[in-house]
Amino acid sequence: MTLNSSSCNLFITLAGSPNSGKTTLFNYLSGKNYKTVNYPGSTVDSALANLQRKFNLNALLLDSPGIISLNPESTDEEIAINSLYKHAKLGKPDLVIVTVDASQLSRHLYLVKQIVNANFNVVIALTMVDILNQKGLDIDENKLSKIIHCKVFKVDSRSGKGVQKLLNYVNNIKNKLKNNHLQSSKSSGTNTTEEVLRIYNEIEVIEEQTIFELNENKNIDLTEANKQLNLITNKSLKSKCNQIDARTAKIDKILLHKTWGLLFFFLIMAFTFTSIFWFAQPIMDFISFIFQVLSTEMLILVGNNWLGMFLANGIINGVGSVAVFIPQILILFLILGFLEDSGYLARGAMLIDRPLSKIGLNGKSFVPMLSGFACAIPAMMAARTIPNRRERMLTIFILPLLSCSARLPVYTLLLAFLFPGNKAWIAGLVLASIYLLSTISSVLVAAIINKLNNKIIKDEDNSSFILELPAYRRPKLKVVAINMWHSGKLYIQKAGPVILVLSIFIWFFTTFPNIDPQVNEKNITQEQVNRLKNSERLATSYAADLGKIIQPVMTPLGLDWRVGVSLIAAFAAREVFVSSMTLIFKVTDSHSSLMDSMIGAMRNAKIGNTEQKLFTPASIIGIIIFFMFALQCLATVAVSRKETGSWRIPILQLLIFSSLAYVLSFIAVNGLRILGMS
Amino acid sequence: MKTAAELKCGEKVTINDINIQHPSAKRLLEVGFTPGQEIELVNKSVFNDPIAISLRGTVIALRKSDADCIIIS
Ligand SMILES: Nc1nc2c(ncn2[C@@H]2O[C@H](COP(=O)(O)OP(=O)(O)O)[C@@H](O)[C@H]2O)c(=O)[nH]1
Ligand SMILES: [Mg+2]
């Protein structure tokens, strides 16, 4: 995307309360398909795009997170408000289009008043007029324009109705907008409580003057109608204005019900996490099969020399072992997208606020925690919506414990080892319990740190929970699907190169310097020769040298240096563990799929020169526990540093979680051995 | 003095005053809880807290400790 920001270009920012229709308008104007989210404050990043050509207006458009007022409560609001006053690259906007939900006029006009008072050039896009009409009401936009001194246009950005009129107006005044920058100071946007009351008093009068009842007789003179309603129907008009969406009220009676609500909450969560496993399995098997075929063909095509090995083992197997898990990750994003878009998230936050507040978190930690199951990085950014700093820090602190999607590949491989073939359904259940356990452990850690009080995270006063419950909406499949695709692409772009580079590195270190070792070839088949050569090559490789150093750390866990090297590689990104294991255990036998041959190789692996098996149920459980707790993701550490503002929390996270992982894994492995499990 | 925290489900009342000493007062005012507004308690969460109050055409969830600054009589 090339953004043309020459000086003749108009810079327009879209602002407005959450769910007032900013993103819908943005998408219509820019021709993009961004997600329209139904959870207040969830547009964490703002999007920037050029206006589509067909509108004949050269302008840059910025979509911003929803704000309720210019007085920030939380970090996300602060960022949104700061970028309204002065965007990091583009400065002050020439024009602010404020979207106002006509069915909630009074609440949304409050923000308009503040923005006008802060000396911005403002045009109002009045959205959701259809909803207002359904209540039997309508609004006189010309009169509203006159009273609040800025132009108002009724728009429906889903169909584009009225948008062209708004743009024509902007086109006519664009030169004036460019040259007419008033100085706006932050203080003019913030208000004392008296001022808030005064603004609302003014708004109430405006509401009475501009909103009128729709009559059967549409030809009635508007001003006449207004006069009438001020005299006669003031009261009924007011209560009509304040009506809430009837369908939403009905659904909430169930979803916020004392028992049903809780039941649905658990059902939704359980469905989310089990479907990751069930739905993805057939697709995963297919991808795994494709990569195995590719790898075998490559070796035949190029030959069993270093180039062939490099292409087949280093690249195809390395990348394939991770590509296999993309379906699971996409499904997770799909379900999260549906939950977000339907409006359920705010209810989930409300339901869980009470229990979370007991351990020093907040209902608003719910959405970051849920995203934490996809990836800790966006989750930490989503924690910006938590106003109380202490609660926000505590949420960020525990996020790495939640089972992110990068751990899925690791668990899937290890569980497939533990429960092969016809016992695969158990693997699904165990995976679900891993998710449950990771949630429980994060809650426990939060509770403990909350008890330690000021030692780790400083206390702060006033914890509150004030959240709008938006009307339920039918999620739009297209939008959710496109969003899933974007998230998936982002994941591949982020993880892909790391995995490729590390795969090549690991291939190099496990193959060189002794690339063509001498073995005794007498009386054995070609296949046995290859196998001998493979293990000889690895035993004399650079990786083996490094492995000897870390061996003492691995022995207590019942593991050897080969797993150790994979664990170290996993610090770049957890899923690298799988591709690294694939390379180290030389998965080249022509099994039906990559996964099968990987597991076959693991079954045959022995500790050192002994006959003792390396991977036993006990040692596998040990690795799983290690992955559940260890903070093995450098990107997460970096984001934690950025979001918390210092190194304190990320370093504590790294130390506490990694040593916890080692100790718990040690206890599990040796405990199980004592109990008689091998 | 009765506050919105003591409302029963389905109870419809008019806000009498806002206790501006309360730390959540300003945000509640900005959200639209102003004296004279009619509010209704539409739902309570599983543990009776937070509560959901309808106001100015929308529903706001808030903790009882926040609702304590909304004085209704
Ligand atoms: N009924 C109705 N719905 C609208 C209108 N404009 C937008 N929406 C819907 O309102 C929801 C919230 O819009 P969105 O653009 O995400 O709001 P944002 O939070 O301000 O970005 C979306 O589901 C839109 O489809 C409108 O004029 N009428
Ligand atoms: Mg948006």
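The values are calculated or read from the model by the stated rules, or taken from the named source; none is laboratory data. Source: prediction; values computed, not measured. Neighbour counts are summed over all protein chains in view; Cβ atoms, including those assigned to glycine, are modelled from backbone coordinates with ideal geometry. Only protein heavy atoms, including side chains, enter the accessible area calculation; ligands, DNA and RNA are left aside. Shrake-Rupley method; radii C 1.70, N 1.55, O 1.52, S 1.80 Å.
Descriptive notes on the structure:
- Yes/no for A:Tyr411 being aromatic (Phe, Trp, Tyr) and closer than 26 Å to A:Val430 by Cα: yes
- The set of residues from region A:61-76 being open to solvent by 20 Å² or more (accessible area, probe 1.4 Å) and of a type outside the set (Ser, Thr, Tyr) comprises A:Ile68, A:Pro72, A:Glu73.
- With respect to the conditions (1) at pLDDT 90 or above; (2) crowded, with 16+ Cβ neighbours inside 10 Å, A:Ser184 lacks only one, and its number is (1).
- Number of positions in region A:560-573 that are at pLDDT 80 or above, open to solvent by 10 Å² or more (accessible area, probe 1.4 Å) and not in a helix (DSSP H, G or I): 0
- Residue check: A:Trp260 meets all listed conditions (1) modelled with pLDDT under 80; (2) open to solvent by 40 Å² or more (accessible area, probe 1.4 Å); (3) over 25 Å from A:Arg574 (Cβ atoms) but one, namely (1).
- Residue match in region A:104-113 (condition: out of contact with any Pro (no Cβ under 8 Å at 6 or more places or on another chain), under 26 Å from A:Pro470 (Cβ atoms) and away from every other protein chain (no Cβ under 14 Å)): no
- As for region B:48-57, it holds at least one residue that is in contact with a Lys or Arg (Cβ under 7 Å, 6 or more places away or on another chain), facing chain A (nearest Cβ under 8 Å) and surrounded by fewer than 22 Cβ atoms within 10 Å (Cβ to Cβ).
- Some residue of region A:357-371 being away from chain B (no Cβ under 14 Å), more than 16 Å from ligand 1 (Cβ to nearest atom), open to solvent by 10 Å² or more (accessible area, probe 1.4 Å) and among the polar types (S, T, N, Q): yes
- For region A:119-172, the candidate set comprises residues that are hydroxyl-bearing (Ser, Thr, Tyr) and part of a helix (DSSP H, G or I); within that set, the residue that is least open to solvent (accessible area, probe 1.4 Å) is A:Ser145.
- Filtered by the rule that a residue be facing another protein chain (nearest Cβ under 8 Å) and open to solvent by less than 90 Å² (accessible area, probe 1.4 Å), region A:245-256 gives A:Thr248, A:Ala249, A:Asp252, A:Leu256.
- Residue in region A:266-283 that is in contact (Cβ under 8 Å) with a residue 40 or more places away in the chain and under 30 Å from A:Glu204 (Cα atoms) present: no
- Residues located in region A:73-103, provided they are within 30 Å of A:Asn133 (Cα to Cα) and more than 15 Å from ligand 1 (Cβ to nearest atom): A:Leu95
- Single condition A:Ile515 does not satisfy, out of (1) buried (at least 21 other Cβ atoms within 10 Å of the Cβ); (2) modelled with pLDDT under 75: (1)
- Qualifying residue in region B:63-71 (condition: of a type in the set (Val, Ile, Thr), open to solvent by less than 10 Å² (accessible area, probe 1.4 Å) and within 8 Å of another protein chain (Cβ to nearest Cβ)): no
- The condition of being at pLDDT 85 or above and either near ligand 1 (Cβ under 10 Å from one of its atoms) or not in a loop (DSSP other than H, G, I, E, B) (or both) holds for only one of A:Leu70, A:Leu48, A:Leu62, that being A:Leu62.
- Any hit, region A:77-99, residues being in a loop (DSSP other than H, G, I, E, B), within 16 Å of ligand 2 (Cβ to nearest atom) and more than 14 Å from chain B (Cβ to nearest Cβ): no
- Positions within region B:28-45 being open to solvent by 20 Å² or more (accessible area, probe 1.4 Å) and either in contact (Cβ under 8 Å) with a residue 60 or more places away in the chain or within 7 Å of chain A (Cβ to nearest Cβ) (or both), in sequence order: B:Glu38, B:Val42
- A:Ile115 vs. criteria open to solvent by less than 10 Å² (accessible area, probe 1.4 Å), assigned to a strand (DSSP E or B), more than 15 Å from ligand 2 (Cβ to nearest atom) and more than 21 Å from A:Asn242 (Cβ to Cβ): no
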